[in-house]
1. Do the conditions hold for residue 327, that is, is it more than 30 Å from residue 634 (Cβ to Cβ) and surrounded by fewer than 18 Cβ atoms within 10 Å (Cβ to Cβ)?
2. Every residue in region 537-552 that is farther than 18 Å from residue 315 by Cβ and in a loop (DSSP other than H, G, I, E, B), please.
3. Would you say residue 530 is touching a strand residue (DSSP E or B) at 6+ places or on another chain (Cβ under 7 Å), surrounded by 13 or more Cβ atoms within 10 Å (Cβ to Cβ), at pLDDT 90 or above and not in a loop (DSSP other than H, G, I, E, B)?
4. Kindly indicate whether residue 336 is buried (at least 18 other Cβ atoms within 10 Å of the Cβ) and more than 21 Å from the chain's Cα centre (by Cα).
5. Of the residues that make up region 490-511, is at least one touching a helix residue (DSSP H, G or I) at 6+ places or on another chain (Cβ under 9 Å), in a strand (DSSP E or B) and buried (at least 19 other Cβ atoms within 10 Å of the Cβ)?
6. Hey, residue 388 hits all of (1) farther than 29 Å from residue 622 by Cα; (2) in a helix (DSSP H, G or I) but one; which does it fall short on?
7. Within region 143-168, how many residues are part of a loop (DSSP other than H, G, I, E, B) and touching a strand residue (DSSP E or B) at 6+ places or on another chain (Cβ under 9 Å)?
8. Restricting to region 287-311, what's the tally of residues that are under 23 Å from residue 47 (Cβ atoms) and part of a strand (DSSP E or B)?
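The values are calculated or read from the model by the stated rules, or taken from the named source; none is laboratory data. Nothing here was measured: the structure is a model prediction, and the numbers come from that model. Using ideal geometry, Cβ is built from the backbone for each residue, glycine included, and neighbour counts are taken over all protein chains shown.
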């Protein structure tokens with residue numbers, strides 16, 4: 001067992017710190033003793049060190065799962081400066097960079113490998129990891145495991161299963177935003193003993209949490225006034241929509257500040273340029289959706305403004321956590337605009353599929369053979385349910401023992417020879433040469449690329465799919481082929497028959513409505529928090545089960561800036577002629593406007609896969625009732 005003195009020496013030598021932060025040594029002790037652990041630290045509280053330092057001590061590789069490409073890039077750059085070999089696998093890598101990483105993995109040259117949760121859909125990657133010694137399996141943003149959390153991601157539930165499958169020796173769960181029920185879910189899913197979960201508390205004394213009421217038309221002026229009256233400093237202005245990010249950046253630029261927009265609609269190259277500019281800037285301002293900030297390691301962000309309200313206190317906590325990581329005073333300022341509430345509520349309602357759509361999905365799934373495979377994107381398009389919701393519904397069917405999931409695979413493989421097939425085959429002999437020759441004979445050439453049906457190649461060579469995939473992977477690593485894959489499909493086995501699909505559809509619809517109610521409750525909690533006359537910091541700490549005994553003394557609540565928020569949810573008499581026109585579109589667009597829910601979403605301007613594919617999102621009626629609550633519009637649409 002490595003002593004605390006030895007750990008402190010590693011801390012200073014590689015990371016330049018004189019001492020550990022609160023909670024870090026407890027987590028590291030658990031891991032080095034062979035126990036799985038959880039670290040619930042506030043944003044900027046030093047979670048990453050809890051796996052980075054053990055990676056220097058443990059044999060094998062530390063696998064870090066994170067949804068945040070920005071975090072991967074920043075941390076790997078920092079680790080390389082510290083002399084710690086670390087790499088990442090994500091969608092932004094070129095084929096050459098991907099091959100280099102895979103070579104480093106197999107040679108044992110890496111201490112840390114960062115990957116996204118979606119990487120585990122890649123059978124080539126899974127085959128590689130299973131052959132490694134995974135000493136530590138670290139799961140960042142672990143609250144995504146919990147159905148009761150604010151950001152449930154079904155892919156995260158599969159991580160626990162894969163950690164066991166690959167023989168990971170210990171698991172570390174990391175999050176900044178776990179309430180007690182969410183933490184219980186994390187520990188249960190990842191087999192973490194409750195006494196190995198370390199929570200350090202949420203209190204950040206250097207943050208001033210301010211809020212003020214605002215109107216939609218007056219918000220630009222209020223933001224400009226707030227920035228102008230404060231000393232210059234790096235700032236993030238959070239917004240809900242991509243267009244709003246562009247508009248706010250333009251307004252700030254016109255007012256004389258160095259401001260840029262950032263959102264997921266930009267290319268990865270452009271986002272990287274903006275992130276690097278902001279990291280180096282002392283007083284730059286980024287107007288951004290929540291796509292920005294996750295994992296960005298900039299210690300001197302002085303201000304976080306919420307131009308639009310966050311959709312939950314969990315989101316708020318993560319977003320304000322970007323500020324003041326250097327310990328200096330920082331301001332987090334929220335503009336509370338009642339107009340935002342209707343937009344955010346309608347987003348929530350738009351995610352809930354209709355019973356018709358759910359029943360169609362179930363009929364599709366339960367008409368399959370006992371063992372089958374599906375594409376989530378194809379199911380989404382066919383049944384008009386957003387991809388993430390399809391994933392969630394399929395996860396429910398697994399959790400309730402209707403289905404058993406298997407290893408995902410790619411439906412399409414293409415390769416481009418870098419050497420001729422004869423030159424490649426000349427490097428091998430005997431059975432291996434015969435096997436590769438048989439695989440090559442199954443490939444169909446297009447202009448440059450060869451297409452290969454993996455299952456057909458396996459049958460023709462009397463081998464397994466896994467052997468064919470491993471062979472292509474090896475040839476790619478040796479720079480003999482360039483390999484591309486496409487079309488992830490997910491394997492399932494039906495565990496039991498469903499005698500009453502209508503009842504099952506009702507049950508799943510009820511669960512999606514419960515999720516809807518939880519999301520609306522989270523939004524209302526933000527409203528109550530922002531307008532209350534009590535200490536904001538104390539309320540936030542209490543929400544995360546980390547109560548403080550004294551008020552902070554410098555938030556809006558402590559300074560007596562309470563106010564009332566009246567959210568007008570207009571329920572006017574709906575223009576019947578508009579509804580009739582929308583309903584009449586069914587004759588031409590019946591596939592997209594197939595029930596009351598789909599028509600209501602169309603009128604409220606809420607996109608769905610079928611609305612987008614049919615080009616109805618550009619119709620003059622699309623969004624004509626966007627200022628009216630979804631449930632009121634839904635009630636006004638006739639059933640037939």
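1. Criteria met by residue 327.
2. Correct list: 547, 548, 549, 550, 551, 552.
3. Numbers: touching a strand residue (DSSP E or B) at 6+ places or on another chain (Cβ under 7 Å): yes; surrounded by 13 or more Cβ atoms within 10 Å (Cβ to Cβ): yes; at pLDDT 90 or above: yes; not in a loop (DSSP other than H, G, I, E, B): yes.
So residue 530 passes the test.
4. yes
5. yes
6. (1)
7. First, pick out the residues of region 143-168 that are part of a loop (DSSP other than H, G, I, E, B): 146-153, 166-168.
If we keep only those that are touching a strand residue (DSSP E or B) at 6+ places or on another chain (Cβ under 9 Å) as well, we get 149, 166-168.
Qualifying residue count for the region: 4.
8. Total meeting the criteria: 4.
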